[in-house]
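Single-structure report; data block below.
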Amino acid sequence: MSLQETIVWIDSMGGSFGFQLATSVFCGAIVGIERQLRGKAIGIRTAILICLATQVFIRLSISVSIDGAIVDPTRVLGQVVTGVGFLGAGVILARGGAITGVTSAAVVWMLAAIGSTIGLGRPIEALELALVVVGVLTVVRTLEKAFKRLRGGYDEAEVEARLGDAEAVAKTE
């Protein structure tokens with residue numbers, strides 16, 4: 001099967017519930033593995049569950065509107081965005097004058113966007129989004145390290161590690 005035939009087949013399967021579930025798990029795992037390997041708050045399980053949940057909510061809103069009811073499926077999409085905003089806000093922490101978790105909160109938003117894209121029957125776009133997210137997280141981290149070396153500062157992971165060490169020392173004193 002050629003690449004073009006594979007893309008056409010995936011697009012044709014985009015509306016299948018089982019295929020959407022599998023795509024949600026796969027895309028969530030792609031992003032979650034990157035976060036898990038870096039020891040971040042959003043790991044594989046959380047990433048998969050965010051993709052799955054948003055995909056199911058969007059799919060349900062579409063199925064309700066198709067069954068003859070007068071329902072605006074975009075309202076559910078708006079509520080998903082709002083709810084995910086609260087979930088992301090819970091990941092952000094302020095410790096010792098430093099704010100951490102902003103990137104993890106942004107990842108939560110992107111995972112919801114990926115799940116919503118899957119729920120709307122666009123699996124190719126969802127896969128592309130997942131790969132772009134991992135690319136941004138990986139490439140920008142490399143750039144941050146290079147800039148940090150140039151200016152002699154610390155990156156987010158080092159700030160978290162130093163704050164964690166300081167808290168551990170404070171607890172033992």
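Out of curiosity, is Ile10 farther than 17 Å from Val133 by Cβ, in a helix (DSSP H, G or I), at pLDDT below 80 and under 23 Å from the mean Cα position of the chain (by Cα)? Criteria met by Ile10. If I filter the stretch 42-52 for residues that are closer than 27 Å to Trp9 by Cβ, among the hydroxyl-bearing types (Ser, Thr, Tyr) and assigned to a helix (DSSP H, G or I), do I get at least one hit? No, that holds for no residue. Residues that are under 15 Å from Phe19 (Cβ atoms) and crowded, with 16+ Cβ neighbours inside 10 Å within the stretch 115-124 comprise Gly115, Thr117, Ile118, Gly119, Leu120, Gly121, Arg122, Pro123, listed in sequence order. Suppose we keep only residues that are part of a helix (DSSP H, G or I) and polar (S, T, N, Q) within the stretch 81-140. Which one would you say is farthest from Ile62 (Cα to Cα)? Looking at the filtered set, the residue picked out is Thr138. Condition (residue is among the basic types (Lys, Arg), surrounded by 14 or more Cβ atoms within 10 Å (Cβ to Cβ) and modelled with pLDDT of 85 or more) applied to the stretch 47-59: is it met by at least one residue? Within the stretch 47-59, one or more residues are among the basic types (Lys, Arg), surrounded by 14 or more Cβ atoms within 10 Å (Cβ to Cβ) and modelled with pLDDT of 85 or more. Figure legend. Inter-residue proximity from the stretch 109-134: first residues without any contact (Cβ under 8 Å) to a residue 24 or more places away in the chain, second residues surrounded by fewer than 16 Cβ atoms within 10 Å (Cβ to Cβ) and not in a helix (DSSP H, G or I), beta-carbon distance below 8 Å, spacing 6+ or different chains. No pairs are indicated. Evaluation of Ala161 against the conditions (1) within 24 Å of Ala47 (Cα to Cα); (2) at pLDDT 85 or above shows that the sole unmet condition is (2).
The values are calculated or read from the model by the stated rules, or taken from the named source; none is laboratory data. Small disclaimer: the values here were computed from a predicted structure and weren't measured. Heads up, the Cβs are rebuilt from the backbone with ideal geometry, glycines too, and the neighbour counts pull from every protein chain shown.
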